[in-house]
Amino acid sequence: MCAFSWFNRTLEEEEDRRRREEAMAQAEAEDDESDSTGLTGEGYSGDPDKRSGKKKAKKRKGNKKGNTSTASKRKRLDGPIDGTEELSRKVYDTMEKLKEIFFVIRLHRHNSAATLPPTSDPDQPVHSELMDSRDAFLQMARERHLEFSSLRRAKYSTMVLLYELHMEQRQSFMKPAFRYPPFTK
């Protein structure tokens, strides 16, 4: 649940940043209109080269932000997502940024999936008694005290399960090499 709140916070921050950029662009457009009439921000008439240093810096900073936002918008539109609505585009953009954190799967459309080569697994299927029924798996998990309630326990339980699956196949071929010594007094 923590990841989802962080994800929502990231979306909200993205929206706030976009609104600020739009407001800056609108303010910049208004500044350009006032400059074209011959008035600068202080009310003096003159050419735009005689603006104050702060205004020039603001203008340069605004131009840099404007260029990056339009470039990123072009990049988004040129991507593999064609004709989707704005919400799905935002989700894809956010997931692209967070692809190191989340496991992202891209689904193909039905017509493009038909053109893909068939998927073939080089390994043969392995029969396991643990996977015969749900009860066999649950009994093994109960005996080994496996839990999947937290990430740490799920990782450990998965490793134990994989070890059991691996060793189950080997045990049918191996004879017990270790024997207990006889009890002597």
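Which one of the conditions (1) modelled with pLDDT under 85; (2) charged (D, E, K, R); (3) over 30 Å from residue 17 (Cβ atoms) does residue 76 fail to meet, given that it meets all the rest? Among (1) modelled with pLDDT under 85; (2) charged (D, E, K, R); (3) over 30 Å from residue 17 (Cβ atoms), residue 76 violates only (3).
Per-residue answers, yes or no, for (1) part of a loop (DSSP other than H, G, I, E, B); (2) surrounded by fewer than 10 Cβ atoms within 10 Å (Cβ to Cβ):
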position	(1), (2)
101	yes, no
116	yes, yes
124	yes, yes
132	yes, no
146	yes, no
149	yes, yes
152	no, yes
157	no, no
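Can you confirm whether the stretch 150-168 contains a residue that is β-branched (Val, Ile, Thr) and farther than 30 Å from residue 13 by Cα?
Taking the stretch 150-168 as the starting set, the residues that turn out to be β-branched (Val, Ile, Thr) are 158, 160.
Going one step further and asking which of them are farther than 30 Å from residue 13 by Cα, we end up with 158, 160.
The answer is yes, given that some residue of the stretch 150-168 is β-branched (Val, Ile, Thr) and farther than 30 Å from residue 13 by Cα.
The values are calculated or read from the model by the stated rules, or taken from the named source; none is laboratory data. Everything numeric here is computed off the predicted structure, so don't read it as measured data. Neighbour counts are summed over all protein chains in view; Cβ atoms, including those assigned to glycine, are modelled from backbone coordinates with ideal geometry.
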